[in-house]
Amino acid sequence: MGEQSSGGANARMAIFHDARVLAHATGDGFFEAPPSPLLPIIERHPENRERIENMAAVLRDGPLADALDWRTAEAATREDLERLHDEAYIDELAAIPRDATRAFSSTTIFGPDSFDVCCLAAGLAAAAAEHVHRGDGRLAYALVRPPGHHAQPAMADGYCFFNNIGVAIERLRAQGLGRAAVIDWDVHHGNGTQACYYADPDVLTISLHMPHGAWGETHPQTGDLDETGAGAGQGRNLNIPMPYGSGDIAYARVFDEIVAPAVRAHAPEILFIAAGQDANQFDPNGRQLLTMRGFHELGRKARALADACCDGRLVLVQEGGYQLSYAAYCLYATLAGVLDRELELSDPLAYLREDTRAVDALVAELKTHPLFAPAPGGSP
């Protein structure tokens, strides 16, 4: 008998985590830039172990502790990785000496032992997906680093090396999974997941992100509305560039009126969430205005959508979120929403109010796009 997944106090979630993911070393600097000789205090790279330590602590010690079952898993195997990533690219990462540091870009740092950590992160995500797919429980979350949604089949990018959600999907497909859907609400475009499934009709990829555009050779995708898929995958990649400053109301409206209908039409067997918290209003890496309550609502909506279209099978995988304190609180809020629990931790920071007129304009504009316009029968 699997874990209970009914709402409220009876809901349970499996948390897949291993403290060894903290060993991935990304170094110090002026945020992502080299250290300044003018400053006596040097910052950690934003993708650092402390962010995950805070997230783990707020789950272990906070109000959700009674609903969480902590688990670990084995690292992804070479076979797991090769289902998604090019062999030569895997070889390139594996060949980096375990005591060396290599910069794939000014922001994407591969440090000592990072290969083993990357394999472990992908393995934890895949184990969380297996847990849900085989019916051991309907809700699972992988608390991992480094993140994965920028990793393309043969390209590291944006702190990411292996695409954790993609590795998880491919392990399930080897076990008979048909259709899957990925909703990515990390503040940055999920270009890696887009690249992995751009021509695949069975994996729907949806990314809500600030409109930052392409940022170089490692991220040539723009994240614009016109990147809709190719070949058999045409129409299966949906990008939703959210205007800078979008907040709780905008994300909730877009989820209800654009994202949820697309997922229901795709009819996935399992729903994945690329769960970054860097759309929060205090994140140094984003320019959006989500609060704890906004993340709570996204978690609640994701759970309801999974209940409606895939028998409640929902897997969340950690992506961004770099304000050390608030990102952890926003993660708590997300999972409280998924578990249908009220917010028992008050928001210590949020204060901004929103102009709903801007939200109305955004949703109206999206609905004019052919991908999102209702079909004559009423479904997208």
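Values quoted throughout were computed directly from the atomic coordinates according to the rules given, and no laboratory measurement underlies them. For clarity, every value in this text was computed on a predicted model and none was experimentally measured. Quick reminder, even Gly has a Cβ in these numbers, built from the backbone with ideal geometry, and neighbours come from all protein chains shown.
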Exercise. Tell me, what is the Rg over Rh of the range 37-130, with Rh the Kirkwood radius over Cα pairs?
Worked result: 1.05
Problem set entry | Principal axis dimensions, largest first and in whole angstrom, of the range 128-240 by Cα | 41, 32, 23
For this session: Using a 10 Å cut-off on Cβ atoms, rank the peptides 54-65, 34-45, 240-251 from the highest mean neighbour count down.
Result: 240-251, 54-65, 34-45
For this session: Largest first and to the nearest Å, give the Cα extent of the chain along each principal axis.
Result: 59, 47, 44
For this session: Indicate, rounded to the nearest 5 percent, the antiparallel portion of the DSSP beta bridges found entirely in the chain.
Result: 20
For this session: Let me have the 222 nm mean residue ellipticity of the chain computed from DSSP H runs of 4+ only, each contributing -39500 (n - 2.57), with the sum over all residues rounded to the nearest 500.
Result: -9500 deg cm²/dmol
Seminar exercise, completed: Using eta = 1.567 mPa s and T = 4 °C, Stokes-Einstein with Kirkwood Rh from Cα pairs puts D for the range 223-380, in µm² s⁻¹, at 79
